[in-house]
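**Q** Before anything else, here's the structure in question.
The values are calculated or read from the model by the stated rules, or taken from the named source; none is laboratory data. Fair warning: this is a prediction, and the values are worked out from it, not measured in the lab. Cβ atoms come from the backbone with ideal geometry, glycine included; neighbour counts cover every protein chain shown. Surface areas here come from the heavy atoms of the whole protein model, side chains and all, with no ligands, DNA or RNA. Shrake-Rupley method; radii C 1.70, N 1.55, O 1.52, S 1.80 Å.
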Amino acid sequence: MKKVDCFIANTSQIQTKELVSRLNSVANVNQVYVVSPESVEVEGAGVIVSEHPYSVRLIHDIAGKAVSEFVLLGLDNIVFEPGRFAIDRLIQVADATGAAMVYGGYRELKSNVESVNLNIEYQSGSLRDDFNFGPIQLFHTNVLKSFTSENFTHAGLYALRLNASRMGKIVHIPEILSTMTETDMRKSGEKQFDYVRSAAREKQIEMEQVCLHHLKAVGAYLSPPFKQIDPAEHTFPVEASVVIPVKNRVRTIRDAVESVLKQKTSFRFNLIVIDNYSEDGTTQLLEKYARDGKLIHIIPKENGLGIGGCWNEGIFNENCGRFAVQLDSDDLYAGENTLQLIINKFYEDRCAMVIGSYRMTNFDLEEIPPGIIDHKEWTDDNGPNNALRINGLGAPRAFYT
């Protein structure tokens, strides 16, 4: 019996036609459907017209068409090609493990440069709505047939994935199963702010509701009132430490450091800079500040810690204060009272973490899109839950050490 029905996004007439032909040549493929915002004719495939490729309505339409044991989804508007035995391999692993969903790695072509992404293992806490599953995912058809949700426009596929995780295992195959051509040529630093752009607000609200439903369904939802800290507990060398991890930022680190040194506070604070083996003059610049006693300059014993490892070096250092306040090496505080405002907030709300807003600028401090990042996704009632699925917690952020 043929085991899989395939549902793919319509990209272009030629590319879609070639992909449909390729899928139909696979012995295990029963039928192929093209999902398109407008009616098209593609030889060898049915068509589902949908303006919203990630909507709940589309998931229901797909479930209605699916008759085989498994459903293969490739709904992102990207050009991809499954490997010769990719679909057979996905089915093999799904059969062997009883998984609700299976995914693998892929080869990516971007500006004629090839890279390999094996992807990472999915865990029960992998709730980010932009978790990378690659261009294709295999679902057990029962997952789609049993799927119920509010009629979301943007969060249907996200809700389906979380539903799959509640019904069974999501299994990762650490092998190259497909090739994808990247069409979004923006740098990763530009893409990372997509989730906070004003046009994405409706989508973010839907994603939050889906995540909230899932957390309640699995017993992981955190509800207010949240536990408060006692800031007076324990003894620290200073009240606050500004922690800056840095590597090769000679162009910006001086401004970041100076913005810290200009802070006016009613308490003692220090500045800890973890220099991750810079090679562009950053180290020499920091050594001068350290000699003047203006900062604590740390070069870790381990090479290649990354930003998280450098953060740990700062927080576990004996000089770290009661509150650890993050500052990126290419950021600067907006005013001389910023640090005081952050620490005041800890005492006012007796909270374990404080997040501030920030403004995107160029090197001349002129505002650039998306401008002010005000973290609407962080609310008093649901912030700790929503933090599990968003792309980042922004800056500046500070923690009770």
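**Q** Please report the antiparallel percentage of DSSP beta bridges with both residues in the chain, rounded to the nearest 5. Present the calculation step by step, with values, prior to reporting the outcome.
**A** Values: 24 of 62 bridges.
Of the beta bridges lying entirely in the chain, close to 40 percent run antiparallel.
**Q** Taking only DSSP H segments of four or more residues, each worth -39500 (n - 2.57), what value at 222 nm results for the chain once the sum is divided by all its residues, to the nearest 500 deg cm²/dmol?
**A** Numbers: 12 runs with 117 residues, N = 401.
Helix contribution divided over all residues of the chain: -8500 deg cm²/dmol.
**Q** Turning to a different aspect of this structure: Count neighbours as other Cβ atoms within 10 Å of each site's Cβ, and list the GluC sites (Glu not before Pro) in segment 274-345 that are DSSP loop with at most 16 such neighbours.
**A** On the way: sites: GLU279, GLU287, GLU302, GLU313, GLU318, GLU336; in loops: GLU279, GLU302, GLU318, GLU336.
Qualifying residues, ordered by number: GLU279, GLU302, GLU318, GLU336.
**Q** Additional query: Amide H of GLY83: which non-local residues (sequence gap of 5 or more, or other chain) have their own amide H closer than 5 Å, using H built in the peptide plane?
**A** Close amide H contacts, sequence-distant or interchain: SER178, THR179.
**Q** Find, among the trypsin sites (Lys or Arg not before Pro) in segment 38-145, those assigned to loop by DSSP (not H, G, I, E, B) with at most 16 other beta-carbon atoms within 10 angstrom. Walk me through the numbers on the way to the answer.
**A** Details: sites: ARG57, LYS65, ARG84, ARG89, ARG107, LYS110, ARG128, LYS145; in loops: ARG84, ARG128.
Those that pass, being in a loop and sparsely packed, are ARG84, ARG128.
**Q** Now a separate question. For the chain, what's the relative contact order in percent, using C-alpha pairs closer than 8 Å and at least 6 residues apart?
**A** Reported relative contact order: 14 percent.
**Q** Under a straight-distance cross-link criterion of Cα-Cα below 13 Å, which aspartates and glutamates are reachable from LYS247, leaving out those fewer than 8 residues away in the same chain?
**A** Hits, sequence-local ones excluded: ASP275, GLU279, ASP280, ASP328, ASP330.
**Q** Would you compute, for the Cα atoms of segment 249-371, the largest minus smallest coordinate along each principal axis and list the three values in descending order, in whole Å?
**A** Between the extreme Cα coordinates on each principal axis of segment 249-371 lie 39, 37, 27 Å.
**Q** First select every other residue whose beta carbon is under 10 angstrom from the beta carbon of ASP95; then total the charges, Lys and Arg +1, Asp and Glu -1. All intermediate terms of the calculation are to be shown ahead of the outcome.
**A** Values: positive: LYS3; negative: GLU69.
So the surrounding residues net to 0.
**Q** Going from the alpha-carbon gyration tensor of the chain, what semi-axes, largest first and in whole Å, does one get by taking the root of 5 times each eigenvalue? Numbers along the way, then the final one.
**A** Working: eigenvalues 430, 112, 74 Å².
In descending order, the three semi-axes are 46, 24, 19 Å.
**Q** Keeping the other protein chains in place, figure out the carbon and sulfur percent of the accessible area of segment 58-191, with a 1.4 Å probe.
**A** Numbers: 2980 of 6110 Å².
Carbon-and-sulfur percentage of accessible area, whole number: 49.
**Q** I would also like to ask the following. Give the relative contact order (percent, whole number) for segment 237-281; include only Cα pairs under 8 Å separated by 6+ residues. Kindly include the intermediate steps, with their values, before the conclusion.
**A** Numbers: 51 pairs, mean separation 28.6, N = 45.
For segment 237-281, the relative contact order is 63 percent.
**Q** How much area per residue is accessible in the chain when the probe is 1.4 Å and only protein heavy atoms are counted (Å²)?
**A** For the chain, the per-residue accessible area is 52 Å².
**Q** Among the trypsin sites (Lys or Arg not before Pro) within segment 250-349, which fall in a DSSP loop and have no more than 11 other Cβ atoms within 10 Å of their own Cβ? If you can, show how the numbers build up before the last one.
**A** Numbers: sites: ARG251, ARG254, LYS262, LYS264, ARG268, LYS288, ARG291, LYS294, LYS301, ARG322, LYS345; in loops: ARG251, LYS262, LYS264, ARG268, LYS294, LYS301, ARG322.
Loop-located and lightly packed - LYS264, ARG268, LYS301.
**Q** Take every Cα pair under 8 Å in segment 314-399 that's 6+ residues apart, average their separations, divide by the length, and report that relative contact order as a whole percent.
**A** Numbers: 80 pairs, mean separation 31.4, N = 86.
Across segment 314-399, relative contact order equals 37 percent.
**Q** Give the long-range amide H neighbours of MET360: residues separated by 5 or more places, or on another chain, with amide H under 5 Å away, using H modelled in the peptide plane at 1.01 Å from N.
**A** Amide H neighbours of MET360: ILE368, GLY371, ILE372, ILE373.
**Q** Identify all lysines with a Cα-Cα distance to LYS345 below 29 Å; exclude those on the same chain that are fewer than 8 residues away in sequence.
**A** List returned: LYS227, LYS262, LYS264, LYS294, LYS376.
**Q** Please report, in debye to the nearest 20, how large the charge dipole of the chain is about its Cα centre when each Lys and Arg carries +1 at its beta carbon and each Asp and Glu carries -1 there.
**A** On the way: 41 positive and 52 negative charges, 122 e Å.
About 580 debye.
**Q** Which whole-percent values make up P(r) of segment 76-143 when all C-alpha to C-alpha distances are grouped in 10 Å steps starting at zero?
**A** 17, 49, 30, 5
**Q** Round to a whole angstrom and tell me the spacing of the C-alpha centers of segment 296-354 and segment 98-159.
**A** 34
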